[in-house]
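Worksheet: one structure, shown below.
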Amino acid sequence: MHVFLREGIEQVRIGGIATTSVIIMTAFAPIMGYFLYRRGARVLPMSILAILVAVGSILVGFWFPVSFGTMTDLQIRLVWMLVLSGYVLVAAAIPVWIVLQPRDFVNSFILYSGLAVMFVAVVVGGLAGLSTAGTPAFSVAEGTKHLGLIWPIMFITIACGAISGFHSLVSTGTSSKQCDRERHARYIGYGGMLLESMLALLVLIAIAAGLGYSGYMAEAWGPHANIVLAFAMGMGGLLHKGLAIPLYLGTIFGILMIEGFLVTTLDTAVRLNRYLLEELWKFLFGKRVPKFLLAPAFNALLTVVLTFILAYPNAIKAIWPLFGTANQMMAALTLITVSLWLAYRLRPSWFTVLPAIFMVATTFASLVIITLRTWHKLVTSYSGATLTLFVVGVVLLLFSVGVVVLGVWKAWELVTGRVEPVREAHAG
């Protein structure tokens with residue numbers, strides 16, 4: 001929880017306000033879901049209601065921000081882990097119309113409003129002389145010092161707006177199941193990537209113009225690094241300089257956008273992992289899968305427990321350097337799968353084959369570099385965190401090799417005629 005001070009007087013707890021807002025929007029989600037998805041209510045009045053809920057939740061947050069009083073950081077962290085574990089356990093096991101869809105419906109208005117306000121601030125501020133001159137156009141030396149070589153590290157660090165393996169899971173696990181018509185998938189997928197790219201560009205401008213290079217370096221790489229706060233402060237600075245919006249209000253807006261992203265990502269990830277576990281049991285046991293292994297509640301609980309085990313000792317911090325690689329390895333696997341699907345149907349596939357080759361090479365190179373670097377640290381100064389990172393890196397490296405071998409094998413079967421292509425009546 002972060003506090004803004006003006007003349008020594010506490011003005012607002014931005015984290016507490018955003019948290020109150022998210023709690024209220026989540027609490028209203030089942031009501032919204034019932035009328036919107038079960039009773040067939042019209043979208044326009046429900047949109048107006050969603051906006052009122054979003055704005056009202058923020059106002060309530062000003063009056064009753066979430067606070068933990070004198071609790072220590074460790075105690076607060078444990079409380080939030082337990083609360084979020086309980087929440088995602090329920091949210092991931094119940095139908096999507098109860099929480100996931102309606103909560104995201106309400107939260108989308110905050111996201112779109114944030115994008116619009118940032119865009120206007122950039123245009124107005126730019127015309128008024130707002131500049132990013134203090135931020136170097138290229139800071140390769142600084143980036144490589146903290147992260148590594150520009151290739152492959154940059155391409156497994158910048159995700160979502162460019163390409164993302166997690167998005168491939170979302171598109172197949174939840175997005176596709178919410179489409180009214182198949183043709184809508186193109187608009188949703190392509191439009192989503194355009195919005196992600198726009199968001200990424202606006203964030204870069206907000207950091208450079210609103211926070212400044214020195215401020216970013218202090219927040220992102222200082223002793224108390226906080227990337228979330230860096231974005232929120234950058235957005236607050238951008239809105240303040242571009243539109244004269246008070247700094248603390250703009251920062252609250254930034255925190256609201258981030259928390260909305262994090263909450264929906266959390267319960268969506270648990271739901272997707274639940275699906276993956278169900279498929280895994282079917283693969284391992286065939287038609288003799290014990291019924292309890294296919295129960296949504298069991299697989300959601302298993303996911304939550306394993307996540308808690310990783311999160312409680314902060315083990316996720318140890319394997320975080322591999323997160324980008326794992327994510328983009330899934331993207332490579334998705335591109336390989338799509339390429340094979342197109343090739344088996346005698347459709348053009350070069351536009352997925354080329355990026356698939358690039359992503360495979362990138363993820364493989366990054367895994368080799370990170371694993372070798374981790375091994376060097378392990379032999380010079382042993383630690384449990386380093387060992388964990390090394391083991392996970394080796395496992396992912398084996399997976400990466402397996403993905404390449406499987407893809408080449410399937411392609412070879414098609415080329416040599418061992419597998420007949422699928423001839424569609426309306427292909428092309």
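The values are calculated or read from the model by the stated rules, or taken from the named source; none is laboratory data. Remember, it's a predicted structure, so these values are computed and weren't measured experimentally. Counting neighbours? That spans all protein chains shown, and the Cβs are built from the backbone with ideal geometry, glycine included. The protein model used for the area step is the full one, side chains on, heavy atoms only, and it has no ligands, DNA or RNA in it. Shrake-Rupley method; radii C 1.70, N 1.55, O 1.52, S 1.80 Å.
For (1) touching an Asp or Glu at 6+ places or on another chain (Cβ under 8 Å); (2) of a type in the set (Ser, Thr, Tyr); (3) more than 28 Å from residue 117 (Cα to Cα), each residue gets a yes or a no:
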{"residue": "176", "(1), (2), (3)": "no, yes, yes"}
{"residue": "184", "(1), (2), (3)": "no, no, no"}
{"residue": "187", "(1), (2), (3)": "no, yes, no"}
{"residue": "205", "(1), (2), (3)": "no, no, no"}
{"residue": "209", "(1), (2), (3)": "no, no, no"}
{"residue": "212", "(1), (2), (3)": "no, no, no"}
{"residue": "220", "(1), (2), (3)": "no, no, no"}
{"residue": "223", "(1), (2), (3)": "no, no, yes"}
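With in contact with a Phe, Trp or Tyr (Cβ under 7 Å, 6 or more places away or on another chain) and either in contact (Cβ under 8 Å) with a residue 24 or more places away in the chain or under 27 Å from residue 311 (Cα atoms) (or both) as the only criterion, which of 235, 198 stands out?
235
Residue check, residue 303 against (1) hydroxyl-bearing (Ser, Thr, Tyr); (2) touching a Lys or Arg at 6+ places or on another chain (Cβ under 9 Å); (3) under 30 Å from residue 117 (Cβ atoms), all met but one. Which one?
The one condition residue 303 does not meet is (3).
Which numbered condition trips up residue 37, out of (1) modelled with pLDDT under 90; (2) open to solvent by less than 80 Å² (accessible area, probe 1.4 Å); (3) part of a helix (DSSP H, G or I); (4) not hydrophobic (A, V, I, L, M, F, W, C)?
Condition not satisfied by residue 37: (2).
Restricting to segment 371-388, name every residue that is at pLDDT below 85 and either basic (Lys, Arg) or in a helix (DSSP H, G or I) (or both).
384, 385, 386, 388
Which is surrounded by 17 or more Cβ atoms within 10 Å (Cβ to Cβ), over 20 Å from the mean Cα position of the chain (by Cα) and over 17 Å from residue 269 (Cα atoms), of 123, 79, 117?
Among 123, 79, 117, only 117 is surrounded by 17 or more Cβ atoms within 10 Å (Cβ to Cβ), over 20 Å from the mean Cα position of the chain (by Cα) and over 17 Å from residue 269 (Cα atoms).
Are any of the residues in segment 51-62 within 22 Å of residue 270 (Cβ to Cβ) and crowded, with 19+ Cβ neighbours inside 10 Å? Before you say what the answer is, go through the steps one by one.
If we filter segment 51-62 for residues that are within 22 Å of residue 270 (Cβ to Cβ), which is where we start, we get none.
No - not one qualifying residue is present in segment 51-62.
Do you know which residues across segment 335-354 are open to solvent by 50 Å² or more (accessible area, probe 1.4 Å) and within 21 Å of residue 156 (Cβ to Cβ)?
337, 338, 353, 354
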